[in-house]
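J.: Quick one: this structure, given as structure tokens, is what I'll be asking you about.
Read-outs: derived from the displayed coordinates by stated rules, not from any lab. Keep in mind that this is a model prediction, so the values were computed, not measured. We place every Cβ from the backbone using ideal geometry, glycine too, and count neighbours over all the protein chains shown.
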Amino acid sequence: MAGVKTEFQIVPFRGEYYRLPAARKDLIKSLIYPIPDPDLPFLGIHLTRMIDGGITVGPNAVLGFAREGYPKLSANLADVARYAVFPGFWKVIRRNWRSGVAEMRDSLWKSGYLAACRKYCPSLSLADLQPYEAGIRAQAVMKDGSLVHDFLFAHTSRSIHVCNAPSPAATSAFPIGDMIAGEVARQRAALN
């Protein structure tokens, strides 16, 4: 709408979470994170102690079939058509099909998701994985099929667009706001 020329497409990925029962709130004392795959911008399933003392497990990274498809199996054909005609989408699928199939499998069968969780917390059971809200990650995919791992900015003479953020949680961090303000200052300086 702003006339920005782009070489990427935003593809939605659902991040599915579970919440552990209150009886398991003492299971962990701190965050437990996997070593991320350097080829993918997704962190992987981890255990997070929340501010209320509860524990969440997740997220995975499942290809979304709707930009705002929070419920499982949500689909919007217009959203799918938008990224399906983009050549970079098919390149990223071809390059990462094994991990994509594994993510879909673990999304559909909770036992696979549990197996991923047990790498970090072996005492978890299927009964521990209670429903929790999913999130949607708007992931930038370039024409060459690469997934953008960092911030991606697009500029016009009067605006800066943040086209990719490495984590939905990062968008609320003050240092990120400072970085974007610095980008605005650099653009202004370049125009003067």
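J.: By how many nm would the segment from Glu133 to Leu31 grow when fully extended, if each residue of separation counts as 0.36 nm and the alpha-carbon distance is taken off? Walk me through the numbers before you get to the answer.
T.: Working: separation 102, 0.36 × 102 = 36.72 nm, distance 1.92 nm.
Fully extending the segment from Glu133 to Leu31 adds 34.8 nm.
J.: For the chain: lysine pairs with Cα atoms under 24 Å, gap of 8 or more or different chains, count?
T.: Lysine pairs satisfying the spacing and distance rule in the chain number 8.
J.: Please state the charge dipole magnitude for region 8-149, taken about the Cα centre, from unit charges on C-beta atoms (+1 on K and R, -1 on D and E), reported in debye and rounded to the nearest 20. Each step should come with its number before you reach the end.
T.: Numbers: 19 positive and 12 negative charges, 39 e Å.
Here region 8-149 has a charge dipole of around 180 debye.
J.: Across the Cα atoms of region 122-183, what radius of gyration and what greatest pairwise Cα-Cα distance (Dmax) are found, in Å?
T.: 16.9, 55
J.: Counting only the backbone N, which residues of region 114-137 are under 11 Å from the spot 7 Å out from the Cα of Lys72 toward its beta-carbon?
T.: Only 130-132 pass the distance filter.
J.: Let me ask something else. Calculate the FRET efficiency for Asn192 and Ala2 from the Cβ-Cβ distance with a Förster distance of 25 Å, rounded to the nearest 0.05. Each step should come with its number before you reach the end.
T.: Numbers: r = 21 Å, r/R0 = 0.86.
E between Asn192 and Ala2, to the nearest 0.05, is 0.70.
J.: Moving on to the next point. Going toward the positive end of the dipole of region 8-149, with +1 on Lys and Arg Cβ and -1 on Asp and Glu Cβ, which of Gly15, Tyr113, Pro59 do you reach last?
T.: Checking the options against the dipole of region 8-149, the answer is Tyr113.
J.: Going by amide H atoms built from the backbone, whose H comes under 5 Å of the H on Ile136, apart from near neighbours?
T.: For Ile136, the qualifying residues are Gly15.
J.: Okay, next question. Can you work out the FRET efficiency for the pair Asp39 and Ser157, with r the C-beta to C-beta distance and R0 = 45 Å, to the nearest 0.05? Walk me through the numbers before you get to the answer.
T.: Numbers: r = 36 Å, r/R0 = 0.80.
Efficiency, from the Cβ-Cβ distance: 0.80.
J.: Could you pull out every residue, at least 5 positions away or on a different chain, whose amide H is within less than 5 Å of the one on Cys163? Hs are placed 1.01 Å off N in the peptide plane, and Pro or chain starts have none.
T.: The answer is Leu152, Phe153, Ala154.
J.: OK, next. Could you estimate the translational diffusion coefficient of region 59-110 from the Stokes-Einstein equation, with Rh from the Kirkwood formula over C-alpha pairs, at 37 °C and 0.692 mPa s, in whole µm²/s?
T.: Details: Rh = 11.9 Å.
Estimated via Stokes-Einstein, D reaches 277 µm²/s.
J.: Please find, in a Gaussian network model of the chain (springs between Cα atoms separated by less than 10 Å), the residue of Ser111, Ser30, Ser157 whose mean-square fluctuation is greatest.
T.: For the chain, modelled as a Gaussian network with Cα springs under 10 Å, the answer is Ser157.
J.: Sticking with this one: Let me have the relative contact order for the chain, percent, based on Cα pairs under 8 Å that are six or more residues apart. List each step's numbers first, then the result.
T.: Details: 307 pairs, mean separation 53.0, N = 192.
After rounding, I find 28 percent.
J.: Also: Out of the DSSP beta bridges found with both residues in region 1-117, what percent are antiparallel (nearest 5)?
T.: Working: 9 of 10 bridges.
Around 90 percent of the beta bridges assigned by DSSP in region 1-117 are antiparallel ones.
J.: Further question on the same structure: Per-residue HN-Hα couplings for region 137-143, Karplus 6.51 cos²θ - 1.76 cosθ + 1.60 at θ = phi - 60°, whole Hz, x for Gly and Pro?
T.: Result, rounded to whole Hz: 9, 8, 9, 6, 10, 7, 4.
J.: Based on DSSP H runs of at least 4 residues, each adding -39500 (n - 2.57), what is the mean residue ellipticity at 222 nm of the chain after dividing by all its residues, to the nearest 500 deg cm²/dmol?
T.: On the way: 4 runs with 57 residues, N = 192.
Only helices count here, giving -9500 deg cm²/dmol.
J.: Per residue of region 32-38, in order, report the coupling 6.51 cos²θ - 1.76 cosθ + 1.60 (Karplus, θ = phi - 60°) as ³J(HN,Hα) in whole Hz, putting x for Gly and Pro.
T.: Each residue's phi maps through the Karplus curve to give 10, 10, x, 7, x, 6, x Hz.
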